[in-house]
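Q: The structure is given below, and queries will be raised subsequently.
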Amino acid sequence: QVQLVESGGGLVQAGGSLRLSCAASGSIFSINAMGWHRQAPGKQRELVARITNGGNTNYADSVKGRFTISRDNAKNTVYLQMNSLKPEDTGVYYCTASAGTWWNYWGQGTQVTVSL
């Protein structure tokens, strides 16, 4: 099993920045990629960003150029730096980890609210 604990959410004005952190513990040797998903009100959950063990990254089109995913292997921690935030970025952000094809593990989620 893998445990994921997020932190760093909050309320920010449009144009501002936030950094989310996700600390992983447990059977982390089984993980081959980590990501951040978000659930916006009234919308389907979506993958925002992912990073592989090799450091390859992918982003949703809606956040390209504004969000950056990174990892600190020594701390078993993944970060999501969010800049130029927009109201449509509001939602619950979940740290996720994949041990294969699917996103097998999910954190409890952290709320991000972007106000006008």
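The values are calculated or read from the model by the stated rules, or taken from the named source; none is laboratory data. Values in this document were obtained by computation on a predicted structure and should not be read as measured data. No Cβ is skipped: glycine too gets one built from the backbone with ideal geometry, and neighbour counts run over all protein chains shown. Keep in mind that these areas ignore ligands, DNA and RNA; they rest on the heavy atoms of the full protein, side chains included. Shrake-Rupley method; radii C 1.70, N 1.55, O 1.52, S 1.80 Å.
Q: When the scattering of the chain is computed by the Debye formula from its Cα atoms alone, each counted once and equally, what is log10 I(q)/I(0) at q = 0.16, 0.18, 0.23 Å⁻¹?
A: Relative scattering, expressed as log10 I(q)/I(0), comes to -0.66, -0.84, -1.35.
Q: Take the solvent-accessible surface of the protein heavy atoms, probe 1.4 Å, and return the percent of it on region 71-116 that carbon and sulfur atoms account for. Don't jump to the answer; show the numbers that get you there.
A: Values: 1140 of 2290 Å².
Of all accessible area on region 71-116, carbon and sulfur atoms account for 50 percent.
Q: At a Förster radius of 30 Å, what calculated FRET efficiency corresponds to the Cβ-Cβ distance of residue 1 and residue 81, to the nearest 0.05?
A: 0.60
Q: Each residue of region 66-81 in order: what ³J(HN,Hα) in whole Hz does its phi give by Karplus 6.51 cos²θ - 1.76 cosθ + 1.60, θ = phi - 60°, with x for Gly and Pro?
A: Those phi angles translate into 10, 10, 9, 9, 8, 9, 10, 5, 5, 9, 6, 10, 10, 10, 10, 8 Hz.
Q: Next question, about the same structure. Express the carbon and sulfur contribution to the solvent-accessible surface of region 1-57 as a percent, rounded to the nearest whole number, probe 1.4 angstrom.
A: Summing carbon and sulfur atoms, their accessible area is 49 percent of the total for region 1-57.
Q: Using the heavy atoms of the protein chains and a 1.4 angstrom probe, tell me the accessible area per residue for the chain in square angstrom. Walk me through the intermediate numbers first.
A: On the way: 5990 Å² over 116 residues.
It amounts to 52 Å² per residue over the chain.
Q: Using alpha-carbon positions, what is the distance between the centroids of region 1-20 and region 56-74, in Å?
A: 14
Q: Taking 0.36 nm per intervening residue step and subtracting the Cα-Cα distance, what contour gain separates residue 111 from residue 19 on full extension? Let's see the in-between values first.
A: Working: separation 92, 0.36 × 92 = 33.12 nm, distance 1.21 nm.
Full extension from residue 111 to residue 19 adds 31.9 nm.
Q: So for each of 80-90, 56-66 I average, over its residues, the number of other beta carbons within 10 Å; can you give me the resulting order with the highest mean first? It would help to have the intermediate numbers written out before the result.
A: Working: 80-90: 17.4, 56-66: 13.2.
The peptides rank, most packed first, as 80-90, 56-66.
Q: If you take every DSSP beta bridge whose two residues both sit in the chain, what share of them, in percent to the nearest 5, is antiparallel? Working shown, then result.
A: On the way: 40 of 44 bridges.
Taking every DSSP beta bridge with both residues in the chain, the antiparallel ones total about 90 percent.
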